[in-house]
Amino acid sequence: MRAAKHQRLIDARGRIDYVADAKISEDGNMVYFLKHFSTHTKVYESGDAQHFIDELHRRWTAQNKCGAAVPDLETRSPGHRPSVDEGAVFLSYASEDSQPVRRLKETLEAEHVEVFFDKNDLKAGDDFEARIRQCIGSCSVFVPVISKNTLTGRRRFFRIEWNEAIGEDFKSSPVQPFILPVVIDDTAPGEPAVPEKIRKLHWHHLPYGQTSQEFVSRIKQLYRQYQKLYAGAAQ
């Protein structure tokens, strides 16, 4: 990176450098280093360089088409939680599956279900893992998105999320299920690379993120139940 920039990482001089690389975004130690070494270096964790460019194009087009301001990739005030409501649905996935999971997210949002999908909602300088755990602890439903990409033997960050959700599931009431697995390809339910707790649950088969009415209805039901429970506890 220094060779490409011809200068040190900390010499940003009024600009922000974005790192858009799927392999780097899955390396927790590297992400932590880049986020804390220089406040002018941001890691795009929702996909690769092509996805980053597509997102820039989408935002530029939206801004120039309607004249409305589109939020920057990092616009969070100090101490601000991720821009999701209490009880949002948490989608956990391998970065290679960002496109089908985005389709799933958009379908749920069209049904007025708040979704936590993009880890870039976390501001630079956050304790990344602690904030993710906080979001999982306050979500209404945790959706592990299973595919061939999640069966790799490499160390991946989504496994931290899955293990955290399994721990949270022990606190859940039988009448308010917490983990709803989704499989987006032909991965078999008995796949040993998937944690046992998740293997034993009912998997919703949503090929390439194409939702079913059964799944959407179930998510909406659990989301609304959580909102009622949360509102009741807050009163």
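The values are calculated or read from the model by the stated rules, or taken from the named source; none is laboratory data. Because the structure is a prediction, the values reported are computed rather than measured. Here Cβ is always computed from backbone atoms with ideal geometry, including for glycine, and neighbour counts include all displayed protein chains.
Some points to look at:
- Filter result (among the basic types (Lys, Arg) and farther than 16 Å from Phe116 by Cα) within the range 201-223: Arg218
- The lone exception for Ile136 - which of (1) at pLDDT 70 or above; (2) touching a Ser or Thr at 6+ places or on another chain (Cβ under 7 Å); (3) not charged (D, E, K, R) it fails: (2)
- Residue under evaluation Lys123, criteria (1) modelled with pLDDT under 95; (2) surrounded by 14 or more Cβ atoms within 10 Å (Cβ to Cβ); (3) closer than 23 Å to Ala110 by Cβ, criterion not met: (3)
- Within the set Pro144, Pro174, Pro181, the sole residue that is without any contact (Cβ under 8 Å) to a residue 40 or more places away in the chain, touching a helix residue (DSSP H, G or I) at 6+ places or on another chain (Cβ under 7 Å) and outside the structural domain of Ile24 (by TED's automatic domain parsing) turns out to be Pro181.
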